[in-house]
Structures are given as C-alpha cells and as structure tokens.
Amino acid sequence: MKRNIIYICIALIFSAAGASAFELGVGTALRVGAKAVKAARGISDKEEILLGREMGANLCARYGLYDDENLMKYVNLVGRALAANSGRTNIKYYFAVLNTDTVNAFAAPGGYVFITKGALAAIRDEAELAGVLAHEIAHISQRHIAREIQKANMVDAGTDLAVSNSDNQYLMGQLAGFGSNILFKGYSRSDEKEADEKGYEIAAKTGYDSKGLERFVEILAQRGGSDTSFSTLFKTHPNPNERLGLLRDKGNSGEGAVNAERYAASVKL
C-alpha cells in the first residue's frame, strides 16, 4: 500500500512538473488570461481529479510521505470506510500520511486526502481520526475548491482541461496554485462549517462515535496556543472554540465505535 502510494506521488510530481510558465512564454499566458475572463463554468469530475493530482503532487513534494506501510494501510482502511458514506462515491479516494510534525490535514479535489504525522501523534483514538478524515472528505464531496474556482470565473466555457496542450497545462497549473492557496490560507467560514457538519454525518453513518471530531477540536483549543506544531492548522481553520460551539449544538450522541486500543496498536510514531 505504502509503496503504491509513493509510486503514485512520484508519478504525480513528474506529471505536475509539465511545462513551466516561463517555458510556455508570455504569449501563452496572455491567451490563457483572455480565456479566463469569459463565461465561467464548473469543472467536471474528470477535471477535478486531474486538478487534485496536481495539488497532491505539490503536497508530496513539499512534505514527503511517511515511510510506514502498516500505518498507510490503516489510514486507508479507515478513510475508505468513511468515503463509502460520503454521498459522492463516483470517484476513488486516496489517503496518505505526510512526513511532518506539523498538525494538519488536507483535501485536494477529486478524492485525495492527506493527514500529517503530527496530526496522528495528537489524535488519541480511531473515532478522532475518523472525525478528521471525514471533515476532509466532506471538503471533497461538497466540491469546495471546485466551487471556488467557478466563483472566481477561472475556466472558460470552451476549455476542456482534460485535453493535453500547452494552454491547458498552464491553466491547470494556475488552478492548482489557486487551490493550494486555499489549503494553506484556509477555506471560507461557510465551507468549514459545512465540512464539520457533513463530516459529523459521515462519521456517524460509518458507525463511529460522532464526538470524535469534537474531542480533537478540544485538543486544538487546549494545546494550540502553546504548541507551535498547531500553528499552521490555526491559520487554515476557524477558531477551535467557535467550532466547538457549532459541534456541540449538533447534539452529538457520543454513541458508536471509539477503538482507542486499535488506534494505539496501529499508530506507532
């Protein structure tokens, strides 16, 4: 499992490299810019998967993958069980662990979910892991980055991003940069709220204790101010006390699987 994901990430990194803006030249950039101001449209599932690959390659290149095949397999088993209840099952979901002590998780469009080694070290049981992964899955199922691209009027109605040519390679690079900017600066408050609510539903449907995400956000509230490994997550997510209020308003029952022992046995960092 780990080896396959490493191969995927290596392939993505090389495919994402493509032709740079400098290689394409100013003329191409101007042509793409002219197209981008025309009629806005949404992007298809196929295009969203291509975009997610570009963004996933950037994350792999930035942090690297954590080299633990058993851990990768475990995270994928939990993640794919959750994805089956995401409401968007027409795409495949992939899960990987990034080799950084920074506490964070990322969702690239088209089914690519990443969680950091630092986040796994902070999480205490499988229900908390499920809550975090379900939140990221919800960003994908609700097409948050794809919707932001449409709002920004970045894709011309006549452009097919799945077609390989220099204009489209350049535009895909621009879209990947736009999406990555959202990952590192944060989604809108409304998107984060929706991801918390939808993630709660996904975790509950999968049979996990629905308070898992709430307990993890409590960790953020308690440790975030004094632990620099949480600083990036604070920049990319709403204030944890605000999130706690919303999650508690959901009236979580606290029923379902917690699996603390299985988590401890599977996550050895």
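Table for the structure above
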| quantity | calculated |
| --- | --- |
| Test: residue in region 127-142 that is closer than 23 Å to L50 by Cα, of a type outside the set (S, T, Y), out of contact with any strand residue (DSSP E or B) (no Cβ under 7 Å at 6 or more places or on another chain) and surrounded by fewer than 24 Cβ atoms within 10 Å (Cβ to Cβ) | yes |
| Top-ranked residue in region 153-195 [being among the aliphatic types (A, V, I, L, M) and under 12 Å from I43 (Cα atoms); ranked as modelled with the highest pLDDT] | L175 |
| Condition check for A265: modelled with pLDDT of 70 or more and surrounded by fewer than 13 Cβ atoms within 10 Å (Cβ to Cβ) | yes |
| Check on K46, modelled with pLDDT under 95, of a type outside the set (D, E) and not in a helix (DSSP H, G or I) | no |
| Cross-chain or 6+ apart pairs with Cβ under 8 Å, region 191-216 first and more than 15 Å from E136 (Cα to Cα), then among the acidic types (D, E) and part of a helix (DSSP H, G or I) | Y208/E126; R215/E128 |
| Failed item, numbered, when L77 is tested on (1) touching a residue at least 24 places away in the same chain (Cβ under 8 Å); (2) over 23 Å from D191 (Cβ atoms) | (1) |
| Residue match in region 198-205 (condition: of a type outside the set (D, E), under 18 Å from the mean Cα position of the chain (by Cα) and farther than 16 Å from G256 by Cα) | yes |
| Among residues of region 98-132, those that are touching a residue at least 60 places away in the same chain (Cβ under 8 Å) and hydroxyl-bearing (S, T, Y), counted | 2 |
| Positions within region 165-192 being over 15 Å from the mean Cα position of the chain (by Cα) and of a type in the set (D, E, K, R), in sequence order | D167, R189 |
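The values are calculated or read from the model by the stated rules, or taken from the named source; none is laboratory data. This structure is a prediction, so every number in the text was calculated from the model and none was measured. Cβ: placed from backbone, ideal geometry, glycine included. Neighbour counts: every protein chain shown.
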